[in-house]
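Scroll down for the structure; my scribbles are underneath it.
The values are calculated or read from the model by the stated rules, or taken from the named source; none is laboratory data. A quick note: this is a predicted structure, and the numbers were derived from the prediction, not measured. Cβ sites come from the backbone with ideal geometry, for glycine too, and all protein chains shown count toward neighbours. What goes into the accessible areas is simple: the full protein's heavy atoms, side chains included, and nothing from ligands, DNA or RNA. Shrake-Rupley method; radii C 1.70, N 1.55, O 1.52, S 1.80 Å.
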Amino acid sequence: MGAHVNPIYPYKAPTDLRATPPLRKPLIVIGAGPVGLAAAVDARLQGLPVLVLDDDKTVSVGSRAVCYAKRALEVLDRLGVGQPVCELGVSWNVGRTFLDEQEVYQFNLVPEPGHKRPGMVNLQQYHIEEMLIARALELGADIRWQHKVTAVTRHDDHATLTVETPDGSFEIEADWLVVADGARSPIRRHLGLDIEGRVFQDRFLIADVVMKADYPAERWFWFDPPFHRNQSVLLHKQSNNVWRVDFQLGWDADPEEEKKPEKVLPRLKAMLGNERPFELEWVSIYTFQCRRMTDFRHGRILFVGDAAHQVSPFGARGANSGFQDADDLMWKLALVIQGQAPERLLDSYALDRQFAADENIMNSTRSTDFITPKSRTSKTFRNQVLALAKHHPFARKLVNSGRLSMPSFLTGSMLNTPDSAHFEGQMVPGAPMDDAPVQVAGQDGWLLDQVGRGFACLLFADAVPSAELLAQLQALARGPVPVTPLIVAPRALDVPGVRVVVDAQGWIAKRYDGQAGTTYLLRPDQHVAARWRQFEPAALQAALARAIGKA
């Protein structure tokens, strides 16, 4: 056993970045945390040059963001790091909630088969950051360590940054600036931009514990356990025998005092027993906050992740929603920078992700109110629900130890084309795509991997298309904004120039209510943009124009 040792990334003097007048870069990202790095990787995959500035020289200390939900894993797949994250991390689907020592509630995040990724993977944040740094560098991103942005000046068509380094300060300009500098966001404060919401009057102790234990890979949450009376405790398994434990402390706890080993070790021994050896890797104290900026876009400056919104850790909505921010933003920003879409497309980023943030804040607030009730009424309700849940199934659905992160259904997005026909199921315009097993050229695979990172057209067919339809499908890939055609069929078909995915198990047809002729237009971030019962080239082009902000 032993603590993780963070790598030190090399500092490079900014000689090549200094210029008079200041050098202008197409895209700068501030912050090399998980979300900023995801944005940088995505930028390179979109063919954009990107400069990343970070004031540190290593990855984060401690586990911090721990749980990565199925949707975030699918985003990481598109970035090229999903597989190593899943291989190193601890996969889980089941969560259990206890009152005292009795289980009162259980959930399964992936209750049906036919999905590539599990409901959650637990992995320390520093591992994710190391993987994303390696991927960004592999793709040619320019990451500058110990480059602290101390000032930003907004202009109509760019932003000017003042950057402080060990070799002095300099100015540099960005056509577009993505701000991913975390919950305290010095850039947000420097620009005087608002962030509103609630700060909950409670404190929690986080401890990363290195130990060997045979507990299952599940999420365990206790209300009023015998080893921590009148409070709550959360336990997660991570990679390399690291376990994450969260102890509720109460608002009156002294943060500095509670972090001392002589306070932490007795709590852990009461929970784990005196006979189990363990080491402390990291200890921290945190306070819940549920709040967001009013607007995530300010001209050429775009905020993502914790810089734009914060939620309590229960529900794993922070990093997961941040990855979805970057996933939503970068394809839109690429189209705008490349001249294929108007700037107003970026307004949809702000509106859609503000909606998602509000949804996350609502769920996070409800969880926090249940876990740490602050009024006599809410505490009575919580205690009665837990008492009833021991014996009555109806009450178990009311137990809220953190509603786990789920992707937002962007049904109100300005980019959606409304349905013109009746469909069953959840794949409405604005919905995140469901995955499903497929066969391609006789090999097993997954639907989301076939869709890729650009626009796609999914056409259900039970026979080889006519020559006219085939020509129309092939033409999609040659348009100004390419759309990759995919045919979904119940068996293998030989279709020249168009990939065929075989829905051998019928999961795609079931989840997408697919029948011969059913057509879907899918966004680069794998949300549904539009769907029809028959392929109609004119309708598809109109929906594509709407999805890139031209209609």
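For the pair L280 and E101, a Förster radius of 41 Å applied to the C-beta separation gives a FRET efficiency near 0.95, rounded to the nearest 0.05. Here D494 and A134 are evaluated by their C-beta separation; at R0 = 35 Å the FRET efficiency comes out at 0.30.
Loop-resident trypsin sites (Lys or Arg not before Pro) (DSSP state other than H, G, I, E or B) in the range 100-198 with no more than 12 further Cβ atoms inside 10 Å of their Cβ: R184. Diagonalising the gyration tensor over the Cα atoms of the range 195-317 and scaling each eigenvalue by 5 before taking the square root yields semi-axes of 31, 17, 13 Å, largest first. Translational diffusion of the range 70-148 was estimated from the Stokes-Einstein equation, with Rh taken as the Kirkwood radius over Cα pairs; at 25 °C and 0.890 mPa s the coefficient is 165 µm²/s.
Taking a quarter of the surface of the Cα convex hull of the range 308-376 gives a mean projected area of 4.9 nm². Given their separation in residues at 0.36 nm each and the Cα-Cα distance between them, K57 and R478 gain 147.2 nm when the chain is fully extended.
Length available on full extension from Y215 to A441: 0.36 nm per residue minus the Cα-Cα distance, which gives 77.2 nm. With one equal scatterer per alpha carbon and no solvent term, the Debye-computed log10 I(q)/I(0) for the range 75-202 at 0.14 1/Å reads -0.95.
Computed from the C-beta positions of R189 and N6, the FRET efficiency with R₀ = 41 Å rounds to 0.95.
At 222 nm, what helix-only mean residue ellipticity would the chain give, in deg cm²/dmol to the nearest 500, using -39500 (n - 2.57) for each DSSP H run of four or more?
Taken over the chain, the calculation gives -9000 deg cm²/dmol.
Cross-link check: pairs K237/K332; K259/K397; K12/K263; K237/K510; K57/K550; K269/K390 evaluated at a Cα-Cα cut-off of 32 Å; pairs beyond the cut-off: K237/K332; K259/K397; K12/K263; K237/K510; K57/K550.
In this simple spin-label approximation, A151 and A504 carry label points 7 Å from Cα along the Cα→Cβ vector, and these lie 6.4 nm apart. The H on the amide N of H298, modeled in the peptide plane, is under 5 Å from the matching H of F303, each at least 5 residues off or on a different chain.
Distance between the 7 Å Cα→Cβ label points at N241 and A471: 6.8 nm.
Summarise the accessible area of the range 346-487 (1.4 Å probe, protein heavy atoms) by the percent that is carbon and sulfur.
Solvent-exposed carbon and sulfur of the range 346-487 make up 56 percent of the total.
Hull volume per residue, based on the alpha-carbon atoms of the range 449-529 and their convex hull, is 88 Å³. Within the chain, DSSP assigns beta bridges of which about 70% are antiparallel (rounded to the nearest 5). Between K374 and D167, residue separation times 0.36 nm minus the direct Cα-Cα distance comes to 69.5 nm.
Among (1) -0.58, -1.04; (2) -0.43, -1.05; (3) -0.34, -0.89, find the value of log10 I(q)/I(0) by the Debye sum over Cα atoms at q = 0.07, 0.11 Å⁻¹ that was calculated from the structure presented, and write down its label. The value matching this structure is (2). Sorting the segments 40-46, 274-280, 389-395 by their residues' average number of neighbouring beta-carbon atoms within 10 angstrom, most packed first, yields 40-46, 389-395, 274-280.
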